[in-house]
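One structure below.
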Amino acid sequence: MDDPIKVIEEARDKRVKEADVKAAIDILEKLEEEIKDDVVLSYDYPNLLKNLALCYLDIGKVKQAEEALEKALEIAKTNLNDIETAEIRVVMARLKLQVSTIDDARYYANQAWSFIGTKKGDRFTPTKVITAEILGEIYYEEEKYSRAEKMFKYALLQANKVNFTEGELTTTLDLVNYYIVRGRIVEAKDLLENCIEKAKEYALINAYYQLSLAKILLENGEVQEANKLALEVFRLARKKDLLRLQAESAQVVGSTYAEKDPENADSYFKKAFDLYNEVGYNLPKKHPREEDWFNNFDDV
């Protein structure tokens, strides 16, 4: 049997670098059957389940993701694997932020930070990055904007310190989207341009970069270009069954139609709203041009 760590990394590459989440799930579910009852190999089981949960979240299988994370936490704590436990709690916080309450998300994020926040040494830094990142997202949702920005910048600094490319890309994207919503478009554009070439090596992350670029283009009045980019992301997400990305990209496509093609705008906003509701996602913060439309459907 292949080394479980190498198989998990193969699945991660399928998900992040190829945006082939279903292939990643197939790899991980097969490995799960092989190692779940093996006393020696089961040490890697929480890592497997954490990555499987991330895949399930991508395609909107929230219940399966939560079950995988609960099992992963139980095993990791039994194995006294503190770093893995912290990372599982970060993923659980992300799940709770998407489908539950900020309080639930904060509970898991704070548990992760209470362990990792004071640790010294490069081996702890990637975990510190993803924990600071989710805390920044929680602060943002709470409208504690200065704390959110501070946490995103801290995460980015730590990621750069240890050449954690994936962490650099995702925290940069957090800051870009934060700047967009706060109306700091020049800063968003400059920051995005720093990493957009590097993001092309990570197909799943790159899709979110292209979506953020579409938002920036829209803010700068380049509506046709924004529409083209957002539609490309929506079609990719639909092809790959990436429900969260479908919802977010449909929302941006709707924004590009909002001023000149209300019928098409309504169609895509409804697609977004239906996808958020299908999975039970919390509605994200909306740009003012989307606010009236989404408010009409909040009670549907």
Q: Report the semi-axes of the equivalent ellipsoid for the chain in whole Å, largest first, where each axis is √(5λ) for an eigenvalue λ of the Cα gyration tensor.
A: 32, 21, 18
Q) Under 12 Å from the Cα of residue 150, which aspartates and glutamates turn up, not counting those fewer than eight places away in the same chain? A) 133, 137, 174
Q | Filter on 198/228; 63/228; 17/240 - keep pairs with C-alpha separation over 25 Å | A | 63/228
**Q.** In degrees, nearest ten, helix 62-78 long axis to first principal axis of the chain (Cα)
**A.** 30
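Could you size up the charge dipole of the stretch 76-222 around its Cα centre, putting +1 on the beta carbon of Lys and Arg and -1 on that of Asp and Glu, and report it in debye to the nearest 20? Walk me through the numbers on the way to the answer.
Values: 20 positive and 22 negative charges, 96 e Å.
With only Lys, Arg, Asp and Glu charged at Cβ, the dipole is about 460 debye.
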Q: Measure nothing but the geometry: give the 0 to 90° angle between the long axis through the Cα atoms of 102-116 and the longest principal axis through the Cα atoms of the chain, rounded to 10°.
A: 50
Q. Going highest first, how would you order 117-123, 17-23 by mean Cβ packing within 10 Å?
A. 17-23, 117-123
**Q.** Net +/- balance of residues flanking residue 48 in space, Cβ distance below 9 Å, scoring K and R +1, D and E -1
**A.** 0
Q) Of 214, 25, 75, which is farthest along the charge dipole of the chain in the positive direction, counting Lys and Arg as +1 and Asp and Glu as -1 at C-beta? A) 214
Q) Which of the listed residues, 127, 253, 179, is farthest toward the dipole's positive end in the stretch 124-280, when Lys, Arg count +1 and Asp, Glu count -1 at the beta-carbon? A) 127
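Hey, what number do you get for the chain at 222 nm if only DSSP H runs of n ≥ 4 count, each worth -39500 (n - 2.57), divided across all residues, to the nearest 500?
-26000 deg cm²/dmol
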(Q) I'd like the orientation of helix 125-141 relative to the chain: the angle between its Cα long axis and the longest Cα principal axis, in ° from 0 to 90, rounded to 10. (A) 40
Q.
Whole angstrom only: what separates the Cα centroid of the stretch 50-106 from the Cα centroid of the stretch 168-234?
A. 27
Q) For the chain, what is the charge dipole size about the Cα centre, in debye to the nearest 20, if Lys and Arg each add +1 at the Cβ and Asp and Glu each add -1 at the Cβ? A) 660
Q) For residue 152, what charge total do you get from the other residues with a beta carbon under 11 Å from its beta carbon, if Lys and Arg give +1 and Asp and Glu give -1? A) -1
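Laboratory data are not the source of any read-out in this text; all were calculated from the coordinates shown. All values reported here derive from a predicted model rather than from experimental measurement. Ideal geometry is used to build each Cβ from the backbone, glycine not excepted, and the neighbour counts take in all protein chains shown.
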